[in-house]
Every structure is written in C-alpha cells, then in structure tokens.
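Data block below; observations after.
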Amino acid sequence: MCGLKPLVFTCAVFVGLSLPVLAQDATFDPNGTFADEFGTTFTFALCGAGTDLCGTLDILKGESATEENLAYVGSVVMQAQQTEANTWKGTLQAGDLSAEATVRQTSPDTIDIEGCRGGLLCQTLTYTRQ
C-alpha cells in the first residue's frame, strides 16, 4: 500500500525533469512575423539551402528608428547560418546598426536575438510571434 505512493511520486518527478529536455530537442518553425517589446517587427523565413535564416525588417521603433535606419524597412537585414537545432549565427546589418547576431528560437512563438558589436557590447532582445 505504501509502495505505490513513492513510485507515483518518483515517476512524476522523473517526468517533470524530463520535459525541459524534450522541449530543448524539439525543432521549431521560425517562419513568421515576430515583434519585440518596443514594436519593432521582423519577418523570419528559412532561406538559402533551406536551413539559413533570413530576417526582413518590417517595422522599426524605439531609439533605433533613425532616418537612416528607417530606409532599411522592408529589406532583408539579417542572414544567419544554422549552427544547431533552433540556432543560427550571422550578421545584422541596417544602416549604422551592424552586429554579429545569434538567433535562438526558444519556443514555437519566441525568438531571442543576441547582437554583439566588437564581441564585447552584447544585447539580447526577445521577439514574440504575431
């Protein structure tokens, strides 16, 4: 009678610990439009051989919305090569914005872009599927 409760508890803990591992192994679809907290949006699409990721700047808001940078709205400003499941590395180039970028799709509806200038100044922005 007592033996069943520890078994159920152990299984629940094992399943609970296993779920994040399963989620990390999932491959997500990055195709679509994603927005950050400021309202800047990108449309991401697989490109090249079908494993590269291209990002088209749709809307630019916040401090980056300078006259020079607004000229890149509607342009592909990011191209990155897949380095592992749900991860791409490449460059982000738009006017005076130039950075090495690592793009990670962390869930079906979330993409993180980490941009680094000179390898030292890094910032990560989270984009949510629209």
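The values are calculated or read from the model by the stated rules, or taken from the named source; none is laboratory data. No experiment lies behind these values; they were computed from the predicted model shown. Reconstructed Cβ throughout: ideal geometry from the backbone, glycine too, with neighbour counts over all protein chains shown.
Structural remarks
- Taken over region 60-76, residues that are at pLDDT below 95 and outside any loop (DSSP other than H, G, I, E, B) amount to 7.
- Flag: ALA45 does not match the condition of being under 18 Å from SER107 (Cβ atoms), surrounded by 10 or more Cβ atoms within 10 Å (Cβ to Cβ), at pLDDT 95 or above and touching a strand residue (DSSP E or B) at 6+ places or on another chain (Cβ under 6 Å).
- Residue match in region 13-20 (condition: modelled with pLDDT of 95 or more and either in a strand (DSSP E or B) or loosely packed, with under 13 Cβ neighbours inside 10 Å (or both)): no
- When region 117-130 is filtered for residues that are over 21 Å from ILE59 (Cα atoms), touching a residue at least 12 places away in the same chain (Cβ under 8 Å) and not charged (D, E, K, R), only GLY119 remains.
- Between LEU57, LEU70, the distinction of being free of Cβ contacts under 8 Å to residues at least 12 places away in the same chain and of a type in the set (A, V, I, L, M) belongs to LEU70 only.
- From the options GLN82, GLN24, residue that is at pLDDT 95 or above and either buried (at least 17 other Cβ atoms within 10 Å of the Cβ) or not in a strand (DSSP E or B) (or both): GLN82
- Once region 93-114 is narrowed to residues that are modelled with pLDDT under 90 and crowded, with 18+ Cβ neighbours inside 10 Å, the residue that is nearest to ALA35 (Cα to Cα) is ALA94.
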